[in-house]
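Notes for the one structure printed next.
The values are calculated or read from the model by the stated rules, or taken from the named source; none is laboratory data. None of the values given here were measured: they were computed from a predicted structure. Heads up: the accessible areas ignore ligands, DNA and RNA and are worked out on the full protein's heavy atoms, side chains in. Shrake-Rupley method; radii C 1.70, N 1.55, O 1.52, S 1.80 Å.
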Amino acid sequence: MLLDEPTSALDIDATVAFHEAIRDNCPGASVISVMHDATPPKSSNGEEFFDSVLSITEGTVTKTSLSNLKSRPVGPARVEPRPEKRPLD
């Protein structure tokens, strides 16, 4: 499944319920979800829904296993505005 910000308009309880429904009703499915949250959601009993995170920063993609993250930020991600593109002279 490829999900593009499927829970962006949901509160945390609805977000957890959404991901639990996928886990429970689609066993064995591979899920790729685009999120702008600083941390991926966990189930109501603390289990991870995802096993890794792809971060894209300045055109570089980094894959990190959630089990290898030393610290996980709390709260929403900070999104920095993109620099303005200038027309070519």
Asp13 - accessible surface, heavy atoms, 1.4 Å probe, Å² rounded to 10:
120
Which value, in Å², gives the accessible area per residue of the range 3-57 when a 1.4 Å probe is used on the protein heavy atoms?
66
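Given 0.36 nm per residue, what is the gain on full extension from Asp11 to Thr64 after removing their alpha carbon distance, in nm? Show your work: numbers first, answer last.
Details: separation 53, 0.36 × 53 = 19.08 nm, distance 2.57 nm.
Length gained between Asp11 and Thr64: 16.5 nm.
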